[in-house]
Amino acid sequence: MFPHQLEIEYRGGSFEVQVRCDRKRAEKKSPPVQKSGLRNVFHKLATYELGKAPEGAEIATIARSYNPDDINRLNEIGLHRRTQAGKIPDIRNLGEALRTIGRVIDADEGRLIKVFRDQRGIAFEYVDKGGATHKAEMTHSELYKLQQRFYDKRDSSDSVDPWKGHA
């Protein structure tokens, strides 16, 4: 959909999502009916709406709700794309951005309240284990740098592999 804006809010055990994108991307298009030249002109004249807004960048808002089972299912579907050997997942991908934010929230033993993302960056709000509310805003560049730090820590942590060096 290539959303202009995305908002996720955790309410009552489910994630309420609103996406704003170009209406043309949001609408399912059915294949055009094949008509001869003159029939096509008459069809356009007969179905033209006078009150119709001009074509262009009309914005559509789509709202959905996801429960924890839905999130787990979506996570499993995307798992194979994220586990390509030696590759760091693309931070522009919504799932990877959410995982990176999740690491920040998990470090404070917190709980997500809300996420907002647009072309400029991402903002999120969460409650830490002590009940204090935190708000953070990051540009896409800052989020990318944060992701890189997480992956560098993961790669540099010398976890003991009992099979390494034993053939």
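The values are calculated or read from the model by the stated rules, or taken from the named source; none is laboratory data. These numbers come from a predicted model, not from an experiment. Methodologically, a virtual Cβ is constructed for each residue, glycine included, from the backbone with ideal geometry; neighbour enumeration extends over all protein chains shown. Heavy atoms of the whole protein, side chains included, go into the accessibility calculation; ligands, DNA and RNA do not. Shrake-Rupley method; radii C 1.70, N 1.55, O 1.52, S 1.80 Å.
Obtain the nm distance between the two label points defined at E16 and A123 by a simple spin-label model: each point lies 7 Å from its Cα along the Cα-to-C-beta direction. The answer from the label model is 1.8 nm.
Computed FRET efficiency, Cβ-Cβ of F150 and Q5, R0 25 Å: what is it to the nearest 0.05? FRET efficiency, F150 to Q5: 0.50. Once backbone amide H atoms are built at 1.01 Å from N, H4 has R20, C21, D22 as its partners under 5 Å, excluding neighbours fewer than 5 places away on the same chain. Per-residue SASA remark: F2, around 150 Å² accessible (1.4 Å probe; ligands, DNA and RNA not included). Computed extension gain for F116 through I71, at 0.36 nm per residue and net of the alpha carbon distance, reaches 14.4 nm. The mean accessible area for residues of the range 105-152, using a 1.4 Å probe and ignoring ligands and nucleic acids, is 62 Å² per residue.
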